[in-house]
Amino acid sequence: MKKVFALSLVLIGVLLVFLFAANDELRVTRLGENGALFQIGREDPTNTVVLASRRGLVVIDTGVLPSRGAALRSAIEREFKRQDFAYVINTHSHFDHSNGNQAFADVPIIGHQNAVREMNRWLGSPAAVEAFLRSRAEYRAELEAELKTAAAGSRDEIRIREQLAENAALVDDLRQGRLVLTTPTVLFGDRLALDLGDMTLNLVYYGRAHTESDILIYVPELRLLAVGDLFFKVYFPSLGYARADVPRWFQALDGLPTGLQSVERAISGHGEPMSGDELRAQVAYLRGIWEGVVAARRDALTLAATKERLLFDDKSPFLSGLKRMGRTGQGPDRHLLNVEAAWRLQSESAAQALETLIATRGLEAGVAEYHKSIAGNERYNVAENELNALGYRYLQSGRSAEAVAVFEINAEAFPRSWNVWDSLAEAHLSRNDQDKAEEFYRKSVELNPENRNGRFQLSIIQGNRLELAGETKEILRFGAGARTGLQGPYLGQKPPGLQPEVFAPGIVSSAKAIEFGVTFSPNGKEMYFTRRIDGGQNTIMVSRWEKDGWTAPEEAAFNKGFPSNEPYITPDGNRFYFGCDRTRPGADRPEYAIWVVERTAAGTWGEPRYHGPGMYVSAARNGNLYMTDVTRLVGPDRPVVVYPWTGDRYGAPQRLGGGVNSPAVADHAYVAPDESYILFDSPVRPGGQGGYGDLYICFKKPDGSWGEALNLGDAINTPATNFGPTVTPDGKYIFYCTRRDIYWVSAGVIEKTRPKH
């Protein structure tokens, strides 16, 4: 009988389309009239399969880059000369198969029911995106190390450089807020059949494997099986997934409508297509390993004896198919890892057993029994990721003692893993044990010098110690609102030069409290700042210069009783912005946001009203409003943004460019009234002093863009935390917080820092 269509046909043609840049080469391989394979990259390409059915186009996986999704869609439309998209299908939840979904938001997107949860966990919140970006930095470091050993001009060098470029583009997409997470809208659990008129798509859940949402897509009319990242043409097949449901794999493969034997072509998420024989050889190999370990356990063999039985040699029947396909080049090491993985997957979970012991016997007795009966017992699988997950479940539920105990067990089992020491340090830090936290963060960084979180936390710990040691010892000398008798500008304090001085110790700066976030009225007769007494809440304080002198700071009357901080008076003196935890109109609970009060005709402040999301406001004379984007409206990394004033309303927030938010985002920015410069703090930039942040300045360039970020220097920046800069209305002084106190310094440092050219 003549086949309607077969993927074994000679390729009709290959079309090259270029997207955005020369590195983004899109190869389109036609697979007859009704299908095409779109590939990005020369070595180890990323694949998108498109099927042209009577009822519309079906797109299988949408690629890595959010910014590339629209171009992919356009390329598909050009190739098939039609725009009737019926479905998008994600073979699983990973970003490199679904980040282009947003370009198909008007199309039904199909995925397994676990895909939405996984996609939200990985990229569905600002914290998740930040964690993802940290993992991409580690991935970049791994690629750069691999590149050093790759031969010049080799395929490995080409592959690595492509992966580095794609990783950089992905990071830029995320940092610029280009990702609109678009999850599947049509979900299924076990199976789903799609009748497209001239072809049928059979979607089958594979079981837990590469992710918890892997599916197979079988098109019997085309003898085509899309396998996502489950099988590859050039990689050795793997059982090495932490929670793999291997019996379910074989059930899914054996249950294909016309059988696995009918598959003529299998297409992976990456790389070149496979023949049906290549796929079946890999399946036979995995089945042989799995059943071999089942038999070894039935015969009461140890893991070592099982490895001896399942040797990587010519006598192994499950290896014969791979040998015929030339697929054994990755050698016996991968094979032994698969034997170990099968053994582990058929073992009981040590983490689950430990959790049960702690629940039934208590922490101390449960840990003791774990060491006695589980640790070192081959009946149990000790998995680093499972123990780490258990520790974080305890930590996130407030059970820090249990978290420490679990992370200690993990560190004992995996002492060469930098991540387990990082987790143990975090648990100790949650208990405010900075000595232990510092010890284990140092251990983690020794094992992995690229551990940015570890280095950052060590810097914070060091800064905290310096903060406490350097804090003024002066206790408050006056009661709230009392007459101090101090006359003259700035509470009568002696003005500083180019060396910072603590401001008004015993009056404003005080022991056992942190003071920060300063603003003065344009006439210099009102000073507002934030004070948080140890164990208390943020409070906006005010001191006034009256006829008989300055009053001692007291809580600002307009917001009494509400936690509030970081006050700012606009250059015209008419508006007062501040951060506050209170319930906004229409909400049912308090949340942090920006509030504002306005000057009344009597010169006092009116009633607070809700302004909007944000943190640490500063304003230019033209009305433009600058602040930290804490709600990530323009990007996941909470940069400093500007809301341009149009004359009657504020425009959409815009991320500041130049050196303001790069290479790390800025925070607590103060903009000059004429927008000629902007001051801010930023953590862990190259050359920084440490602590949580240093103070920087960017000057406005003639073309209106922001210049590079310039560190204000060692006189101002210390290894303690330095943050929250502001300049007095007369332009003479910079105020900021360090060592838990308010410091001031001559604004002459601005001109001293300004580039000479």
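General remarks:
- For segment 583-621, residues that are on the phi < 0 side of the Ramachandran plot and in contact with a strand residue (DSSP E or B) (Cβ under 8 Å, 6 or more places away or on another chain) total 26.
- Restricting attention to segment 674-698, the residues being under 22 Å from the mean Cα position of the chain (by Cα) and of a type in the set (Phe, Trp, Tyr) number 1.
- For segment 680-694, the criterion of being in a strand (DSSP E or B) and without any contact (Cβ under 8 Å) to a residue 40 or more places away in the chain is met by at least one residue.
- Scanning segment 209-223 for residues that are in contact with a Phe, Trp or Tyr (Cβ under 7 Å, 6 or more places away or on another chain) and open to solvent by 30 Å² or more (accessible area, probe 1.4 Å), we see that the one that is nearest to ALA127 (Cα to Cα) is HIS210.
- Tabulated pairs, segment 133-153, first aromatic (Phe, Trp, Tyr), second part of a helix (DSSP H, G or I), C-beta under 8 angstrom, 6+ apart or interchain: TYR139/ASN167
- Any chance ILE540 is of a type in the set (A, V, I, L, M) and open to solvent by 20 Å² or more (accessible area, probe 1.4 Å): no
- Number of the exception - PHE5 against (1) touching a strand residue (DSSP E or B) at 6+ places or on another chain (Cβ under 7 Å); (2) modelled with pLDDT under 95; (3) of a type in the set (Phe, Trp, Tyr); (4) surrounded by 15 or more Cβ atoms within 10 Å (Cβ to Cβ): (1)
- Count of residues meeting criterion [surrounded by 17 or more Cβ atoms within 10 Å (Cβ to Cβ), of a type outside the set (Phe, Trp, Tyr) and over 28 Å from the mean Cα position of the chain (by Cα)] in segment 33-54: 9
- Residues that are surrounded by fewer than 18 Cβ atoms within 10 Å (Cβ to Cβ) and out of contact with any helix residue (DSSP H, G or I) (no Cβ under 9 Å at 6 or more places or on another chain), drawn from segment 543-562: ARG544, GLU546, LYS547, ASP548, GLU554, GLU555, ALA557, LYS560, GLY561
- Of everything in segment 724-736 that is over 15 Å from GLU501 (Cβ atoms) and open to solvent by 30 Å² or more (accessible area, probe 1.4 Å), the residue that is farthest from the chain's Cα centre (by Cα) is ASP730.
- When ARG655 is tested against (1) farther than 23 Å from ASP572 by Cβ; (2) basic (Lys, Arg); (3) without any contact (Cβ under 8 Å) to a residue 60 or more places away in the chain, exactly one condition is not met: (3).
- Test: ALA405 is assigned to a helix (DSSP H, G or I) and more than 18 Å from GLU348 (Cα to Cα): yes
- When the test is whether a residue is assigned to a helix (DSSP H, G or I), touching an Asp or Glu at 6+ places or on another chain (Cβ under 9 Å) and open to solvent by 50 Å² or more (accessible area, probe 1.4 Å), GLU118 does not pass it.
- Helices (runs of 4 or more DSSP H) lying entirely in segment 230-341 (those with 1 or more residues that are touching a residue at least 60 places away in the same chain (Cβ under 8 Å) and over 30 Å from ARG27 (Cβ atoms)): 246-254, 303-309
- Residue that is surrounded by fewer than 15 Cβ atoms within 10 Å (Cβ to Cβ) and either assigned to a loop (DSSP other than H, G, I, E, B) or not polar (S, T, N, Q) (or both), where the choices are ASP96, ASP106: ASP106
- Whichever residue in segment 618-636 is part of a loop (DSSP other than H, G, I, E, B) and open to solvent by less than 10 Å² (accessible area, probe 1.4 Å) and, among such residues, is nearest to ALA131 (Cα to Cα): GLY635
- Every residue from segment 661-672 that is at pLDDT 95 or above and buried (at least 21 other Cβ atoms within 10 Å of the Cβ): HIS668, ALA669, TYR670, VAL671
- Failed condition for SER510, given (1) open to solvent by 10 Å² or more (accessible area, probe 1.4 Å); (2) among the small types (Gly, Ala, Ser); (3) over 20 Å from PRO725 (Cβ atoms); (4) in contact (Cβ under 8 Å) with a residue 24 or more places away in the chain: (1)
- Residue within segment 375-386 that is modelled with pLDDT of 95 or more and surrounded by 17 or more Cβ atoms within 10 Å (Cβ to Cβ) present: no
- Test result for ALA389, open to solvent by less than 30 Å² (accessible area, probe 1.4 Å), in contact (Cβ under 8 Å) with a residue 24 or more places away in the chain and within 25 Å of the chain's Cα centre (by Cα): no
- Among the candidates THR149, THR183, residue that is under 19 Å from TRP122 (Cβ atoms) and at pLDDT 90 or above: THR183
- Taking segment 472-500 as the range and being under 17 Å from PRO725 (Cα atoms) and in contact with a strand residue (DSSP E or B) (Cβ under 6 Å, 6 or more places away or on another chain) as the test, the residues that pass are PRO496, GLY497, LEU498, PRO500.
- Hey, ALA71 part of a helix (DSSP H, G or I) and open to solvent by 10 Å² or more (accessible area, probe 1.4 Å) or not: yes
- Residues in segment 74-93 that are among the hydroxyl-bearing types (Ser, Thr, Tyr) and not in a loop (DSSP other than H, G, I, E, B): SER74, TYR87.
- Complete set of residues in segment 737-757 that are part of a strand (DSSP E or B) and open to solvent by 10 Å² or more (accessible area, probe 1.4 Å): TYR743, SER746
- Only one entry of GLY691, GLY713, GLY647 meets the criterion of being exposed (fewer than 14 other Cβ atoms within 10 Å of the Cβ), at pLDDT below 95 and on the phi > 0 side of the Ramachandran plot, and that entry is GLY647.
- The sole residue among ASN419, ASN385, ASN453 that is in a helix (DSSP H, G or I), among the polar types (S, T, N, Q) and within 27 Å of GLY362 (Cβ to Cβ) is ASN385.
- Residue list for segment 588-602, filter: open to solvent by 40 Å² or more (accessible area, probe 1.4 Å) and more than 27 Å from the chain's Cα centre (by Cα): ASP588, ARG589, GLU598, ARG599, THR600, ALA601, ALA602
Conditions (1) touching a residue at least 60 places away in the same chain (Cβ under 8 Å); (2) of a type in the set (A, V, I, L, M, F, W, C); (3) assigned to a helix (DSSP H, G or I), marked per residue:
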residue	(1), (2), (3)
ILE409	no, yes, yes
ALA437	no, yes, yes
SER459	yes, no, yes
GLU467	yes, no, yes
LYS473	no, no, no
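- The residues in segment 721-755 that are among the hydrophobic types (A, V, I, L, M, F, W, C) and over 14 Å from PHE516 (Cα atoms) can be counted, and the count is 4.
The values are calculated or read from the model by the stated rules, or taken from the named source; none is laboratory data. Treat the numbers as computed from the prediction; the structure is a model and nothing was measured. Virtual Cβ from ideal backbone geometry, glycine too; neighbours counted across all protein chains shown. Only protein heavy atoms, including side chains, enter the accessible area calculation; ligands, DNA and RNA are left aside. Shrake-Rupley method; radii C 1.70, N 1.55, O 1.52, S 1.80 Å.
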